[in-house]
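I'd like to ask some things about the structure below.
The values are calculated or read from the model by the stated rules, or taken from the named source; none is laboratory data. All figures in this text were calculated on a predicted structure; none of them were measured in a lab. Virtual Cβ from ideal backbone geometry, glycine too; neighbours counted across all protein chains shown.
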Amino acid sequence: MTPQDDDTTPRSPAAGASDAGGDGAGPAEDAGGHELRITVARSGGIAGIGPTWSVTASEEADVDSWLSLVESCPWDPPETAEAGAAGDGRPIGGGADRFVYTIRVFLPTAEERDARVPEQRLDGPWRNLVDRVKDASPRTGGGPR
């Protein structure tokens with residue numbers, strides 16, 4: 001998973017997986033096609049190896065609960081991305097010693113969504129999604145939770 005920019009960018013085809021973490025490498029195949037996978041990777045960490053968390057859901061109630069949280073996030077790029085957070089022309093990014101979270105969602109509709117969210121913008125629905133994924137999944141990679 002290679003981040004491309006600091007904005008959120010919808011992507012195309014994928015599916016999901018089942019409520020026990022996964023490797024986040026891609027969509028999981030499912031006979032019913034009603035699975036959802038979410039992977040969160042954080043930049044930085046020990047030796048530059050950031051931690052990664054992944055969760056999958058296949059039960060309808062679990063999928064619906066995760067989907068509600070995913071849909072609450074602002075997936076469209078913010079209008080201030082080009083001008084900087086305060087409209088002052090400074091680039092939006094992690095900055096020195098700041099983490100950037102890469103969030104990838106494989107939806108049951110075969111749609112994939114990707115977003116890069118700098119640490120200083122990880123609030124509201126983004127914070128809720130990241131925290132819930134971290135709490136619900138085993139972590140891979142370096143560094144503390």
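Asp30 - would you say it is modelled with pLDDT of 80 or more, farther than 17 Å from Arg116 by Cα and surrounded by 14 or more Cβ atoms within 10 Å (Cβ to Cβ)?
Spelling it out, it is not the case that Asp30 is modelled with pLDDT of 80 or more, farther than 17 Å from Arg116 by Cα and surrounded by 14 or more Cβ atoms within 10 Å (Cβ to Cβ).
Step by step: first the residues of region 34-45, then only those that are in a loop (DSSP other than H, G, I, E, B) and closer than 19 Å to Glu71 by Cα, then the one that is modelled with the highest pLDDT. Which residue is that?
Here the residue is Glu35.
Those residues that are hydrophobic (A, V, I, L, M, F, W, C) and in contact with an Asp or Glu (Cβ under 8 Å, 6 or more places away or on another chain), I need them from region 37-79; list them, please.
Scanning region 37-79 gives Val55, Ala57, Val63.
Which pairs have Cβ atoms under 9 Å, sit 6 or more apart or on different chains, and link a residue in region 113-131 that is under 15 Å from Ala41 (Cα atoms) to one that is of a type outside the set (A, V, I, L, M) and in a helix (DSSP H, G or I)?
Ala115/Trp126; Val117/Trp126; Leu129/Trp66
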